[in-house]
Ligand SMILES: Cc1cc2nc3c(=O)[nH]c(=O)nc-3n(C[C@H](O)[C@H](O)[C@H](O)COP(=O)(O)OP(=O)(O)OC[C@H]3O[C@@H](n4cnc5c(N)ncnc54)[C@H](O)[C@@H]3O)c2cc1C
């Protein structure tokens, strides 16, 4: 029986603690908050998109950075195994659009409760309100874990401290400092899955507008960076919503946003020719109107003036004066409305933190640090991140299981 300290009672920490405990180890979880799973509580807008009903390959395809590193543990503890694990633990699940998995109760806290039940069954002890301040390697082997009031000795330590996004949940980047103290490489921390700040002058009036079934595409010097179809919204700072969050994870290494060409296709289901025919039909219907009143069936009201302005078309242009050239300008703007991207939102607002402990230092089967036996890292503290859809929690569960099961 080994003495194991798990730092952090988030998704990865709870899973690691259970996996280590079920193998007969004496496990203590040190959590700075007064309870477990503070971040889990706010996931999926309080409903917790706990994983994705997909294969290990489907999971890996949705990992943005270091998918290869995740190959082993994605198979060892796959999304399917996670679903079975939760259901066997008494948590009924449902699958929604995009294979996103949620608890039937729609309560994120039920996911934490289920993980806690597993931990208690495996004999895990929880020390809440206990922030780990320092972590040291003992000369004779093992580690000393220092908190404000006391210190612990452990044969192995699993660092599950999360990233630095949403710091009010307790994830304040302590694990990066521990890694740094041990001389490990921590890759630059950058926001992922966050909103995109835009020059607001042309889109000020669009704040609050939500659009479904649109496509957003970013290019950098004519080369496509990414393109996503689905829902987005205009905010006080620029744009956000599911497809913008996904795109942000591909833009977060961009140094100079002035080189980014960001466009929205408001009618991705129609090619330019079909859209032109559709506009012609509307012009026929509204032949005695001005153009701003002839596109009301085509575009949401608040979009009309910004689109016409960007197309260089006077809103009061009578339909009978609309030339083919005007129609072409309109079609081009509807299919590729330009947004002037300025930056991403700050890292604290990212759904996840990208960057982190460089995975080349970590054994991908066990999550153990190659140069420091007995020291493990799992979850968001590692330089692994994924798109939305339940994949980030699955990263925490897969890596947490592999670490706990290996100590
Ligand atoms: C708003 C929001 C919505 C999200 N929705 C989803 C979703 O629906 N699906 C999905 O897959 N992902 C979602 N994510 C991402 C997902 O929540 C994280 O990737 C995941 O929780 C990471 O788990 P973790 O265990 O690595 O870290 P965390 O969950 O951040 O847990 C780290 C824990 O360590 C504790 N800790 C830190 N430092 C110390 C210390 N020094 N001593 C003691 N304890 C410490 C913290 O208090 C915290 O409890 C969402 C994130 C946010 C912010």
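The values are calculated or read from the model by the stated rules, or taken from the named source; none is laboratory data. All of these numbers come straight from a predicted model, not from anything done at the bench. All Cβ positions, glycine included, derive from the backbone under ideal geometry; neighbour counts span all protein chains shown.
Points to keep in mind about this one:
- Hits in segment 261-275 - residues which are exposed (fewer than 12 other Cβ atoms within 10 Å of the Cβ) and farther than 18 Å from residue 328 by Cβ: 269
- Filter pass, residue 98 being away from the ligand (no atom under 11 Å from the Cβ) and either at pLDDT 95 or above or outside the structural domain of residue 357 (by TED's automatic domain parsing) (or both): no
- Pairs where the first residue, in segment 122-147, is at positive phi and the second is within 9 Å of the ligand (Cβ to nearest atom), C-beta under 9 Å, 6+ apart: 129/31; 129/32; 129/33
- With a requirement of 1 or more residues that are within 9 Å of the ligand (Cβ to nearest atom) and not assigned by TED's automatic domain parsing to the domain that holds residue 249, the helices (runs of 4 or more DSSP H) lying completely within segment 11-90 that satisfy it span 11-22, 38-42.
- Filtered by the rule that a residue be over 15 Å from residue 380 (Cβ atoms) and near the ligand (Cβ under 9 Å from one of its atoms), segment 146-176 gives a lone residue, 147.
- Residue match in segment 353-360 (condition: out of contact with any helix residue (DSSP H, G or I) (no Cβ under 8 Å at 6 or more places or on another chain), closer than 26 Å to residue 50 by Cα, surrounded by fewer than 22 Cβ atoms within 10 Å (Cβ to Cβ) and at pLDDT 95 or above): yes
Results for (1) outside any helix (DSSP H, G or I); (2) touching a strand residue (DSSP E or B) at 6+ places or on another chain (Cβ under 8 Å); (3) farther than 24 Å from residue 352 by Cβ, shown as yes or no for each residue.
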site: 152; (1), (2), (3): yes, yes, yes
site: 157; (1), (2), (3): yes, yes, no
site: 179; (1), (2), (3): no, yes, no
site: 187; (1), (2), (3): yes, yes, no
site: 190; (1), (2), (3): yes, yes, no
site: 200; (1), (2), (3): yes, yes, yes
site: 208; (1), (2), (3): yes, yes, yes
site: 218; (1), (2), (3): yes, yes, no
site: 224; (1), (2), (3): yes, yes, no
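- Breaking point among (1) more than 13 Å from the ligand (Cβ to nearest atom); (2) at pLDDT below 95; (3) not in a loop (DSSP other than H, G, I, E, B), for residue 141: (3)
For (1) more than 36 Å from the chain's Cα centre (by Cα); (2) surrounded by 13 or more Cβ atoms within 10 Å (Cβ to Cβ), each residue gets a yes or a no:
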| position | (1), (2) |
| --- | --- |
| 253 | no, no |
| 256 | no, no |
| 259 | no, no |
| 296 | no, yes |
| 302 | no, yes |
| 310 | no, yes |
| 323 | yes, no |
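- Candidates 382, 344 - the one that is over 30 Å from residue 200 (Cα atoms), at pLDDT 95 or above and within 16 Å of the ligand (Cβ to nearest atom): 382
- Cβ separations smaller than 6 Å between residues 6+ apart or across chains give the following pairs from segment 201-220 residues that are assigned by TED's automatic domain parsing to the domain that holds residue 239 to residues that are in a loop (DSSP other than H, G, I, E, B): 207/236; 214/266; 215/268.
- Residue match in segment 360-378 (condition: within 16 Å of the ligand (Cβ to nearest atom), in the same structural domain as residue 72 (by TED's automatic domain parsing) and in a helix (DSSP H, G or I)): no
- Considering residues of segment 1-10 that are in a loop (DSSP other than H, G, I, E, B) and more than 7 Å from the ligand (Cβ to nearest atom) only, the residue nearest to residue 395 (Cα to Cα): 2
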